[in-house]
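Chemist: Structure below; questions to follow.
Bear in mind these aren't lab numbers, they're just calculated from the coordinates by the rules spelled out. Here the structure is a predicted model, which means the values were calculated and not measured. All Cβ positions, even for glycine, are placed from backbone atoms using ideal geometry, and neighbour counts span all protein chains on display.
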Amino acid sequence: MVVKSCGISLLMTLIFCLGCKNKDAISTPTQPQMIKNEITPQPQTRIAVDTWFTKAMKAAKITCDGECPKNIGMVGFFEEDYGEDTYVEQCTGFLVAPNIFATNYHCVPEKVKNGETDCTSSMAIAFVDKSGENTLRTCKKVLYHSNVGEVIDLDDYAFIEIEPFNVTPFKISQKGIEDQKTITITKLNPYDDDRLGGAIETATCTTVQNSVLNLFYINQYSRTALALGCEAMGGNSGSPIFNDKGEVIGLLQSKKVEDYLAYLGKQLTEKNNLSMPEEPPPHFVFTNLSCIKHPITGFAETESCDYYRPRSLAFIFNNLVSSNAQEETSLVSQWHAQLPEIFQYVQEDTQGFAHILTAAPKCISQGDWESKKGQVLEYTFSTFLHVVKEYALDEALRFLPQAHYRGENKQKHYKLDLTGEKPNLFMEVNLEDDDHFNKMSFQICK
């Protein structure tokens, strides 16, 4: 038996599914579809003869700093059965009823998802009992689940029926996940070799809305949320997330990898002048259980959750980030002030995706021509201004509420020759190392 690296890879490897031990694996949750199977637990005879899979699951070493929780376990599953040479993948799961555990849907074997086979022989969960040994429960059936596809950051969950046993399940809270709240995650960190199992540990994190790390998390009833301040790794998928009352509010599903920020940063830098960090801060995305049918009561905040939709980057730019009009006006005024008064200009002001102002000298007045005739005058100024709107992010990669402006222009050197029969204007250009002046179209203003 070998522990397999996860093979799910969609959307440019931008999302890392945390269900498997391979840190290059990814998952992209998509729009959930509720499968309305009623939960009707029935007694089932446990497997009488151990298979290679059940032996491997029972032998998995799960450790804790102190006493292990009895209601959090290691989910093991496999795709193809090659006996002891089979690759086994692992996630985390937790009890929500004496006969139901929750995990991510990307932790369910593909053949089970496709309906080619049931889950009884290819999926199980191992809990640590009072004696420190593993208590194994094999999957009876997948009760209901989300879908996993090509849309990132939508919920990823599965509720699995198992044989009931006498362990207290977690209580689920469906009151939403508010911004800037302290939450706790208990996760199973797998070994860094081919052994099944790992160490169960607890960490404290903070929820953060409106971050580019999860544009779907915009209010307490968003279908997924974001936690900052906690590391996540392969094998953590399905880990329970708790509020300050010890109630489960969600389950971990993914995190962003460096390629996501590079991809997003490229789009934002090219179009919106926003730079991104090279690496994301410690974080993870998790499913909001408020928006999912409760496995016991059947309740879900579907109306609230269906009403609130994710905000696009365009929405954030247009509605959440205000412009500093006074700052822009000041930039334009400074640019106008540097234009020599001796000229009259052909001016254009284009405001669209970019704000560009131009002022091309076209003529001088009859009075200036007569009063300054015989002179050669020199000026240095810019005939254009590109007003660049700059966005910025805070440490949680949220957009700061106000954009700023900076002006981009290039100073040019001009000579106004008034020694001839009519005025001539020349603009200096640099051809390799030689200075050169190009004659421009110019006249006396009528």
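Chemist: Enumerate the residues in the range 61-84 having an amide nitrogen under 17 Å from the point lying 7 Å beyond the Cα of residue 117 toward its Cβ.
Modeler: 76-84
Chemist: While we're here: Scan around residue 157 for amide H atoms under 5 Å from its own, H built in the peptide plane at 1.01 Å from N, and keep only partners 5 or more places away or cross-chain.
Modeler: Amide H neighbours of residue 157: 105, 146.
Chemist: Residue by residue through the range 164-179, which ³J(HN,Hα) values in whole Hz follow from phi under the Karplus form 6.51 cos²θ - 1.76 cosθ + 1.60 (θ = phi - 60°), with glycine and proline marked x?
Modeler: Per-residue couplings from phi come out as x, 8, 7, 9, 6, x, 7, 8, 9, 9, 10, 9, x, 10, 7, 6 Hz.
Chemist: Using modelled amide H (1.01 Å from N, peptide plane; none on Pro or chain starts), what sits under 5 Å from the amide H of residue 197, excluding residues fewer than 5 places away?
Modeler: Counting only residues 5 or more places away or on other chains, the set is 191.
Chemist: With the alpha-carbon atoms as the only input, what is the per residue convex hull volume for the range 322-444 in Å³?
Modeler: On the way: hull volume 16.9 nm³, N = 123.
Residue-normalised Cα hull volume stands at 137 Å³.
Chemist: Counting other Cβ atoms within 10 Å of each Cβ, which GluC sites (Glu not before Pro) in the range 251-353 have at most 13 and sit in a DSSP loop? Write out the running numbers ahead of the final one.
Modeler: On the way: sites: 258, 270, 278, 301, 303, 327, 328, 341, 348; in loops: 278, 301, 341.
Hits after loop and neighbour filter: 278, 341.
Chemist: Which loop-located trypsin sites (Lys or Arg not before Pro) does the range 62-145 contain, where loop means any DSSP state but H, G, I, E or B and the Cβ has at most 15 other Cβ atoms within 10 Å?
Modeler: Details: sites: 70, 111, 113, 130, 137, 140, 141; in loops: 70, 130.
Those that pass, being in a loop and sparsely packed, are 130.
Chemist: Could you tell me the largest-minus-smallest coordinate of the C-alpha atoms of the range 235-352 on each of the three principal axes, in descending order and whole angstroms?
Modeler: So the three principal-axis extents are 82, 33, 24 Å.
Chemist: Once label points are set 7 Å from the Cα along Cα→Cβ at both residue 168 and residue 84, what is their separation, rounded to one decimal in nm?
Modeler: Taking the simple label geometry, residue 168 and residue 84 are separated by 4.2 nm.
Chemist: What is the Cα centroid distance between the range 218-238 and the range 103-132, reported in whole angstrom?
Modeler: Measuring centre to centre over Cα atoms gives 22 Å.
Chemist: Can you compute 3J(HN,Hα) from phi for each residue in the range 214-219, using the Karplus curve 6.51 cos²θ - 1.76 cosθ + 1.60 with θ = phi - 60°, rounded to whole Hz and x for Gly and Pro?
Modeler: Once θ is set to phi - 60°, the couplings for the range 214-219 become 7, 6, 7, 8, 10, 6 Hz.
Chemist: How long are the three semi-axes of the equivalent ellipsoid of the range 390-446, in whole Å, if each is the root of 5 times an eigenvalue of the C-alpha gyration tensor, listed from largest down? Before the final figure, lay out each step's value.
Modeler: On the way: eigenvalues 400, 57, 8 Å².
Working from the Cα gyration tensor, I get semi-axes of 45, 17, 6 Å.
Chemist: A further question follows. Tell me, how many Å apart are the Cα centres for the range 255-286 and for the range 405-425?
Modeler: About 43 Å separates the Cα centre of the range 255-286 from the one of the range 405-425.
Chemist: What full-extension length gain, to one decimal in nm, is calculated for residue 370 and residue 393 as 0.36 nm per residue of separation minus the Cα-Cα distance? Mind dumping the intermediate values first?
Modeler: Details: separation 23, 0.36 × 23 = 8.28 nm, distance 5.61 nm.
Using 0.36 nm per residue and subtracting the Cα-Cα distance, I get 2.7 nm.
Chemist: Could you run the Karplus curve 6.51 cos²θ - 1.76 cosθ + 1.60 with θ = phi - 60° over the range 410-420 and give me ³J(HN,Hα) per residue in whole Hz, x for Gly and Pro?
Modeler: 10, 6, 10, 9, 10, 10, 10, 9, 10, 8, x
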